[in-house]
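Participant: Here it is, the structure in full.
What follows is calculated from the coordinates using simple rules that are stated; it is not laboratory data. Computed from a predicted structure; not experimentally measured. Note: ideal-geometry Cβ built from the backbone for every residue, glycine included; neighbour counts use all protein chains shown.
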Amino acid sequence: WLQTIVLELRDSLASERLKRFAFVDSVKCVWAGVDRLVRPEERPDTSRFLTPDVPLENLYGYAESQIKMLNGIKLHQAGYRGKGVRVAVIDAGFMNVDRLAVFDSLNVIGTRNFVFPGADVYREDDHGTKVLSCMAANLPGVMIGTAPEASYLLLKSEDSRAEFPIEEDYWAAAAEYADSVGVDVITSSLGYFEFDTDDSLYYTQNDLDGRTAFISRAASAAAKCGLMLFCSAGNEGGSKWGKITFPSDSPDLLTVGSVTEERAKSEFSSVGFTADYRIKPDVVALGTMACVVDPTGNIRYSNGTSFSTPILAGLGVCLVQAFPWIRNRDLITLLQETAHLHRQPDAELGYGIPDVYKAYKKECKDAVRN
């Protein structure tokens with residue numbers, strides 16, 4: 001019986017030790033698939049891509065309508081094209097950005113690949129190339145972006161081969177890195193809600209509260225550090241999901257939806273409200289048949305909130321240049337208040353299409369008054 005007591009006592013002590021040290025209460029799959037380690041390689045082809053598109057008579061070329069919709073040409077004419085402002089573009093890859101003539105004046109302050117550490121951000125995926133062109137292209141008569149004189153940090157956080165929760169971690173790491181090197185503005189045309197896992201890891205629309213998804217909490221944390229964030233609403237307007245994607249539900253960033261050239265909601269543009277009944281998207285810009293540059297230097301017209309977002313973000317960068325003291329929350333409010341639906345915002349267009357020159361004049365008056 002003494003041996004039985006000793007064994008029971010030992011088992012009891014072991015159980016107590018397990019209780020004291022069992023800090024992990026659950027696990028989940030954040031990544032699965034082929035080996036993601038990639039060795040850095042030299043790019044054998046360094047040839048340049050010259051645009052084959054015929055220059056137009058107007059300065060902004062094929063991209064004139066998308067900046068004109070936001071009254072951004074007047075903001076440029078006032079002397080603000082993004083100079084001195086640091087912008088991080090978090091995306092899937094920037095294929096051939098270092099070889100395209102349309103980016104000859106591009107000021108790149110750094111690059112980093114969070115999916116394949118050490119690998120070149122210029123060698124795969126052209127989504128970021130198209131996104132960047134909306135802001136940074138600078139070829140008169142062909143395409144001028146909305147912030148051609150800004151400085152850019154190009155960050156890859158999206159693994160285009162699959163969709164796993166680990167990409168939220170990559171995004172958070174990219175945002176943290178952007179903050180660490182003194183970036184002023186982040187623009188991101190990435191969004192998540194379901195993954196290539198079992199559906200137990202999928203988000204639900206009840207999670208669209210800005211406090212549940214890890215990537216949304218990371219975005220809010222970045223905003224609380226003073227960064228101004230622009231995020232695409234998502235292209236789920238015609239899908240079963242329908243709603244905005246994460247992290248665009250964060251209350252601390254500006255969520256951008258898409259409209260057509262006729263100023264009507266793009267069919268694909270994701271809608272609000274959030275789960276806690278906040279207005280999202282905040283505002284909209286041209287995202288149907290938006291002018292972009294592809295990785296061979298050709299002008300293309302593409303659809304997506306991926307492009308309405310940087311088009312507006314670039315003009316937001318110009319406002320940051322004009323008013324370096326402005327806080328991110330105040331800039332969001334300024335763009336909302338100068339949008340065409342600001343008196344009656346809705347779940348499709350939010351506060352509507354901003355007038356960035358009106359926003360510029362309003363802030364000028366408020367600055368004088370104060």
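Participant: For the chain, what is the percent of antiparallel DSSP beta bridges, rounded to the nearest 5?
Facilitator: Antiparallel bridges: around 30 percent, rounded to the nearest 5.
Participant: Related question: With an 8 Å Cα cut-off and a minimum separation of 6 or more residues, compute the relative contact order for the chain in percent. Let's see the in-between values first.
Facilitator: Numbers: 847 pairs, mean separation 68.7, N = 370.
With pairs under 8 Å counted, the relative contact order is 19 percent.
Participant: Taking the mean number of other Cβ atoms within 10 Å as a proxy for protection, how do you rank 319-331, 226-238, 85-97 from highest to lowest?
Facilitator: 85-97, 226-238, 319-331
Participant: A further question follows. Checking the cross-link filter: which lysines have an alpha carbon closer than 20 Å to that of Lys365, excluding same-chain neighbours under 8 positions apart?
Facilitator: Within reach: Lys74.
Participant: Calculate how steeply helix 166-180 sits against the longest principal axis of the alpha-carbon atoms of the chain, using the helix alpha-carbon long axis, and give the answer as 0 to 90 degrees to the nearest 10.
Facilitator: The angle comes out near 60 degrees.
Participant: For the stretch 315-370, what is the relative contact order in percent, using Cα pairs closer than 8 Å and at least 6 residues apart in sequence?
Facilitator: 31
Participant: While we're on this one: Ranked highest first by average number of other Cβ atoms within 10 Å, how do 188-201, 150-163 line up?
Facilitator: With the highest mean Cβ count within 10 Å placed first, the list reads 150-163, 188-201.
Participant: In the stretch 193-321, what % of DSSP beta bridges are antiparallel (nearest 5)?
Facilitator: Antiparallel: roughly 40 percent of the beta bridges in the stretch 193-321.
Participant: Pairs of Cα atoms under 8 Å, at least six residues apart: use those to get the relative contact order of the stretch 270-335, whole percent.
Facilitator: Working: 51 pairs, mean separation 14.2, N = 66.
That works out to 22 percent.
Participant: Give the angle, between 0 and 90 degrees and rounded to the nearest 10, that separates the Cα long axis of helix 305-322 from the longest principal axis of the Cα atoms of the chain.
Facilitator: The angle comes out near 70 degrees.
Participant: Which links in Lys240/Lys280; Lys83/Lys130; Lys68/Lys156 stretch past 27 Å when you go from one Cα to the other?
Facilitator: Lys68/Lys156
Participant: How tilted is helix 214-224 with respect to the longest principal axis of the chain? Cα atoms for both, answer in degrees (0 to 90, nearest 10).
Facilitator: Its long axis makes an angle of about 60 degrees.
Participant: Quick check: residue separation of Asp366 and Leu59 times 0.36 nm, minus the Cα distance between them. What number comes out in nm?
Facilitator: Extra length from Asp366 to Leu59 when fully extended: 107.4 nm.
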